[in-house]
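Chemist: Got a structure for you, written out below as structure tokens; questions coming shortly.
The values are calculated or read from the model by the stated rules, or taken from the named source; none is laboratory data. Quick caveat: nothing in here was measured; it's all calculated off a predicted structure. Backbone-built Cβ (ideal geometry, glycine too); neighbour counts: all protein chains shown. Surface accessibility is based on the protein's heavy atoms, side chains included, excluding ligands, DNA and RNA. Shrake-Rupley method; radii C 1.70, N 1.55, O 1.52, S 1.80 Å.
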Amino acid sequence: MTPDPWLASHSYLRPVADLSAEVDRAAAGIEVLDARIPDWDDYRADYLAGVTVLASADAGVDLEPGGRMVSALLERLASGTSSVAAEARALNAELRRGPQPSRRIAEFLLGDETFTPSSPGLLRYLGWTAMARFLRPVLNAFDGWRDEERWLRRYCPTCGSLPAMAQLVGVDPGRMRLLSCGCCGTRWQFKRTGCPFCETDAQRLASVTIDGEPGLRIDHCESCGGYLKTYDGQGNEGLLLSDWSSLHLDLIAYDRGLKRLAASLYEFEPVQIFNS
Ligand SMILES: [Zn+2]
Ligand SMILES: [Zn+2]
């Protein structure tokens, strides 16, 4: 499914869809730099111990070239006429004021808080958009090597983020739940029931289905009050796991007093359309 039929029935998502398309177009125009593919045997011990690829010295993936891709994306947006051009210009200027901007971007995306940009949400969004392109060959190789049964953790095995969404795939007895990283794009297996935020095994998730949205539901935990948007289906991952395409579900969850504990790249000003 392309975004168009989705937007025909969800016109309130148009601003965020337009921004997402604009940023994707700009990102498609930047040169993809080479990422080092880890020697997976070197990384195995860290993997079994729960260390993510990007946190593992033995995996040895250097994000600096990815940081350069983020800079290139910022420059492209800063010189254009998009709705985020002014903010991209400001971010660009702030990064140029200090040493090694590409290195600082990479560290910022991994959670370093010493760099405090004027638009942190936008930098996180644009940063991960470019960094995910840089990391794609690593993700593909990691998907081919990874023994899912040996991970089953609540955080992304590549970058360490909490999931943005979940997906149910397959049919019983092989039906399983994948968690989806909103940052780097990894999808990884997690236990079918249970909350990925508080990990209380005893707590089962309750489900809310939404009229007119057969493929989407909200799973929430009675213990911690966290919720996870879940795509129950296959084939439309690109659209339905994108997080922005289901921001209206966040509003429904919010109205029910649930807390978004999932990571989101859509928490910056231009798309806080539902909070106003
Ligand atoms: Zn990730
Ligand atoms: Zn919970």
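Chemist: For the stretch 205-239: of the residues being among the charged types (D, E, K, R) and exposed (fewer than 15 other Cβ atoms within 10 Å of the Cβ), which is farthest from ligand 2 (Cβ to nearest atom)?
Modeler: Among those residues, the one meeting the criterion is Asp211.
Chemist: Considering only the stretch 81-107, how many residues are touching a helix residue (DSSP H, G or I) at 6+ places or on another chain (Cβ under 7 Å), outside any helix (DSSP H, G or I) and surrounded by fewer than 21 Cβ atoms within 10 Å (Cβ to Cβ)?
Modeler: Matching residues across the stretch 81-107 total 3.
Chemist: Residues Arg124, Arg97: which one is more than 16 Å from ligand 2 (Cβ to nearest atom) and either of a type in the set (Asp, Glu) or touching a residue at least 24 places away in the same chain (Cβ under 8 Å) (or both)?
Modeler: Within the list Arg124, Arg97, the selection yields Arg124.
Chemist: Across the stretch 186-200, what is the number of residues that are under 16 Å from the mean Cα position of the chain (by Cα) and hydroxyl-bearing (Ser, Thr, Tyr)?
Modeler: 1
Chemist: OK, next. Considering only the stretch 143-159, I want to know if a residue exists there that is without any contact (Cβ under 8 Å) to a residue 60 or more places away in the chain and open to solvent by less than 10 Å² (accessible area, probe 1.4 Å).
Modeler: no
Chemist: Tell me which residues, restricted to the stretch 176-193, are surrounded by 18 or more Cβ atoms within 10 Å (Cβ to Cβ) and part of a loop (DSSP other than H, G, I, E, B).
Modeler: Answer for the stretch 176-193, where residues must be surrounded by 18 or more Cβ atoms within 10 Å (Cβ to Cβ) and part of a loop (DSSP other than H, G, I, E, B): Cys181, Gly182, Cys183, Cys184, Gly185, Thr186.
Chemist: Do we find a residue being within 16 Å of ligand 1 (Cβ to nearest atom) and surrounded by 18 or more Cβ atoms within 10 Å (Cβ to Cβ) anywhere in the stretch 111-123?
Modeler: Within the stretch 111-123, not a single residue is within 16 Å of ligand 1 (Cβ to nearest atom) and surrounded by 18 or more Cβ atoms within 10 Å (Cβ to Cβ).
Chemist: Right, here's the next one. So which of Pro196, Pro173 ends up being in a loop (DSSP other than H, G, I, E, B), surrounded by fewer than 14 Cβ atoms within 10 Å (Cβ to Cβ) and of a type outside the set (D, E, K, R)? Lay out the reasoning, then the answer.
Modeler: Details: Pro196 fails: surrounded by fewer than 14 Cβ atoms within 10 Å (Cβ to Cβ).
Going through Pro196, Pro173 in turn, the sole match is Pro173.
Chemist: Follow-up. Any idea which of (1) farther than 24 Å from Glu64 by Cα; (2) in contact with a helix residue (DSSP H, G or I) (Cβ under 6 Å, 6 or more places away or on another chain); (3) open to solvent by 30 Å² or more (accessible area, probe 1.4 Å) is the one Ala17 doesn't satisfy?
Modeler: (3)
Chemist: Only one of (1) in contact with a Phe, Trp or Tyr (Cβ under 8 Å, 6 or more places away or on another chain); (2) closer than 21 Å to Cys183 by Cβ is not met by Trp40, so which one is it?
Modeler: (2)
Chemist: Scan the stretch 64-80 residue by residue and report those that are open to solvent by 60 Å² or more (accessible area, probe 1.4 Å) and touching a residue at least 40 places away in the same chain (Cβ under 8 Å).
Modeler: Residue satisfying the conditions is Arg76 alone.
Chemist: Could you give every pair whose Cβ atoms fall below 9 Å, whose first residue belongs to the stretch 176-199 and is of a type in the set (Asp, Glu), and whose second residue is part of a loop (DSSP other than H, G, I, E, B) and open to solvent by 10 Å² or more (accessible area, probe 1.4 Å), counting only separations of at least 6 or pairs across chains?
Modeler: Note: pairs meeting the criteria are Glu199/Arg154.
Chemist: Does any residue of the stretch 42-55 turn out to be at pLDDT 95 or above, in a helix (DSSP H, G or I) and within 21 Å of Tyr125 (Cβ to Cβ)?
Modeler: no
Chemist: Also, I was wondering about something else. Any residue that is among the polar types (S, T, N, Q) and in contact (Cβ under 8 Å) with a residue 60 or more places away in the chain - is there at least one of those in the stretch 48-61?
Modeler: Yes: one or more hits.
Chemist: State all residues of the stretch 239-271 that are over 18 Å from Pro15 (Cα atoms) and outside any loop (DSSP other than H, G, I, E, B); if no residue qualifies, say none.
Modeler: Listed by number, the residues that qualify are Ile252, Ala253, Tyr254, Asp255, Lys259, Arg260.
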